[in-house]
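The values are calculated or read from the model by the stated rules, or taken from the named source; none is laboratory data. These figures come from a predicted structure and were not determined experimentally. Backbone-built Cβ (ideal geometry, glycine too); neighbour counts: all protein chains shown.
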């Protein structure tokens, strides 16, 4: 018998034991435990949904502003436009999140009894006394700028739909008021500041003008340009006079050198009556006449005429017919006359030299005086330059003050016009969406809670069987046999709960169910194909614990073998709880135990004992009870 079992096992293809389960196997696991999974997952999911549905209901409403910058900003390059828009967004975001706005909203609701009752009604119904500030809840969000036009969304929450709408509406209207009031205050503040600056600038301008006028009066310089021109003229005159004095000195020095040279030449000659000497003296004397300063000095013109007449007379004496000689009385007289003219001329020249020296001294004194006057003029010019520099600096300062005054005046005029006629471009914040009345609470979100409950249910529905599969290591399915035991499953018997328990061993014998009968036939066929041992064959059916269906399987398999024409004997080896004899309505007085005892005591009677002990219950089928 053991050889037959070994042969059956050897012919069964070994399969590698796999610890990995595929999707199909997990689906089988879920199918086997679906009832338990539903029983556990459903309470959890329903409990979650119930608990979440008990949360306090809150309603949400919203309102929005649209920031539309002026065209001057929109027409900028993208980087510059984004910088300008970001500044506006930051300013309005800070304003919408400010405590000033929140306090204004709370005060607005508190001052209106109807609004106050709307906000407090849900809390009073629950017996929760709270203040208005605890009921006001809102948040600000900014959408990314689209073409430089961001959107400010005011999202409000409240326990009543009217309360949510009321908060969003009041926040929107109050911020608009605060923004306009703040802008008006800013314009008024700017106007006051500009007026003060203008007043200060005009006072400073007047002060600078008075200071310059006083300074000119102190310096006695009503027109500095005239003084500069006068000083320049005097400097030119003094410089010209100094130059003339120096030139006069140079001329006098030159004349003196010439005169002294001629005087020296005359002084070296002795008095002589010779014609040649007389002619030479006349020639030297004529050199004096070439000097303008001597030619017109004193009696020199008369002496020159006398000398000219004497020279003509002498020439006439010499050239007459007959001519006079040197020693002629008339020639001697003429020579004495020339000598007298010479002596007189020398005296006049000496006087002229002294006169030139006096003139030179006068020119030197005159030059010194003009130099002193030039120094005074230079000093006055330096003073004028300092005065002019001081006045120029003050003039520049005055020009700067006047320019600043003009700019302040222009800006003040613009502010006054802006205050009188506000421009739409200066109000880039516009209401876009007004607060609405919510139709349903946003929390608890029942749709999301239901979906989450379904997710929990399906998650637990899958996880519970899978987790139990990993915890429970019993063999409960064909998959367990093939995976954990590593053997091919010969056959699987479908559900037999529809058959009465007492009739279950007779399913094949009495043909109680076609499907079950066919499954046992399939088991027989599989054994036939996998076993290469010739008949007779023995098949052992056992289990690890009681009441696992050993009798049911063995009886129906025996019927299947008998129905296929094979002589079959069904032996009950369960000596503790024998049960095969019951479905055959046989007594268990004799059986396997009695045969074993008789075989040990009298082996020769074993064949007759077997025939008397084995009972035929079906064609080709015998049963041997346990007999114990």
In the set 97, 112, the lone residue that is assigned by TED's automatic domain parsing to the domain that holds residue 66 and either over 27 Å from the mean Cα position of the chain (by Cα) or over 17 Å from residue 175 (Cα atoms) (or both) is 112
Kindly list, by first and then second residue, each pair from a residue in the stretch 53-74 that is in the same structural domain as residue 138 (by TED's automatic domain parsing) and over 21 Å from residue 142 (Cα atoms) to a residue that is part of a loop (DSSP other than H, G, I, E, B) and at pLDDT below 80, limited to pairs with Cβ atoms under 8 Å and residues at least 6 apart or on different chains.
none
Between 466, 499, which is modelled with pLDDT under 85 and not assigned by TED's automatic domain parsing to the domain that holds residue 571?
466
Scanning the stretch 425-457 for residues that are surrounded by 17 or more Cβ atoms within 10 Å (Cβ to Cβ) and under 38 Å from the mean Cα position of the chain (by Cα) gives 428, 429, 435, 438, 441, 444
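This table checks each residue for (1) modelled with pLDDT under 80; (2) buried (at least 17 other Cβ atoms within 10 Å of the Cβ); (3) not assigned by TED's automatic domain parsing to the domain that holds residue 501.
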site	(1), (2), (3)
552	no, yes, no
565	no, no, no
604	yes, no, no
610	yes, no, no
Any chance you could count how many residues in the stretch 512-531 are closer than 19 Å to residue 567 by Cα and either assigned to a loop (DSSP other than H, G, I, E, B) or within 60 Å of the chain's Cα centre (by Cα) (or both)?
1
Filter result for residue 594 (within 21 Å of residue 509 (Cβ to Cβ), modelled with pLDDT of 80 or more and either in contact with a helix residue (DSSP H, G or I) (Cβ under 9 Å, 6 or more places away or on another chain) or outside the structural domain of residue 508 (by TED's automatic domain parsing) (or both)):
no
